[in-house]
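Data block below; observations after.
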Amino acid sequence: MAQPHLFFQNQQKDQKSSPAKSLTQYVLHWQKLTKHIQPILPQPENWQIACYRHGILTLSGENQAMISKVGYLQKHYVQQLSQIEAFKDLQEIHVRLRTKSVKKTHEVTPQPLSAETQNMLKNAAQMVNDPKLSQAIHNFASNKKNSSSS
């Protein structure tokens, strides 16, 4: 069995490098490897390398059809990727579904508190024994952003 290729092992054992510097190097290396695999794998997909150990490359993608294609044509992709020096020991490809990151399209604006709600909160603030909580409730009820314009 092939020895694992340890990309992130500190090559200079005498010199100590900061964790931030090491992490930066790791990220740059993963980005470099990702650029190598991106044009070879099916498109359109934003492939990401999750792991490469013991000749097994684990990728993630967001499109189930593209993931299935890589799984179905795995031998073909292993053959192509193993021609790249960094993947010379590649034997298998595992592909995982990555959930899409959802971007919030609109911001919800809070509804102003009615005068009745403000009064109820102020009354509740007077009944609370904890002074800090009482003050926080009173401030919330009195907040100009929450007060209605009537």
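The values are calculated or read from the model by the stated rules, or taken from the named source; none is laboratory data. Please read these numbers as outputs of a predicted model, since none were measured by experiment. Quick reminder, even Gly has a Cβ in these numbers, built from the backbone with ideal geometry, and neighbours come from all protein chains shown.
Before moving on, here are some points about what is shown:
- Residue count for segment 94-150, restricted to those that are among the polar types (S, T, N, Q), over 30 Å from ASN63 (Cβ atoms) and at pLDDT below 85: 9
- Residues (of a type in the set (A, V, I, L, M, F, W, C) and outside any helix (DSSP H, G or I)) located in segment 63-79: LEU73
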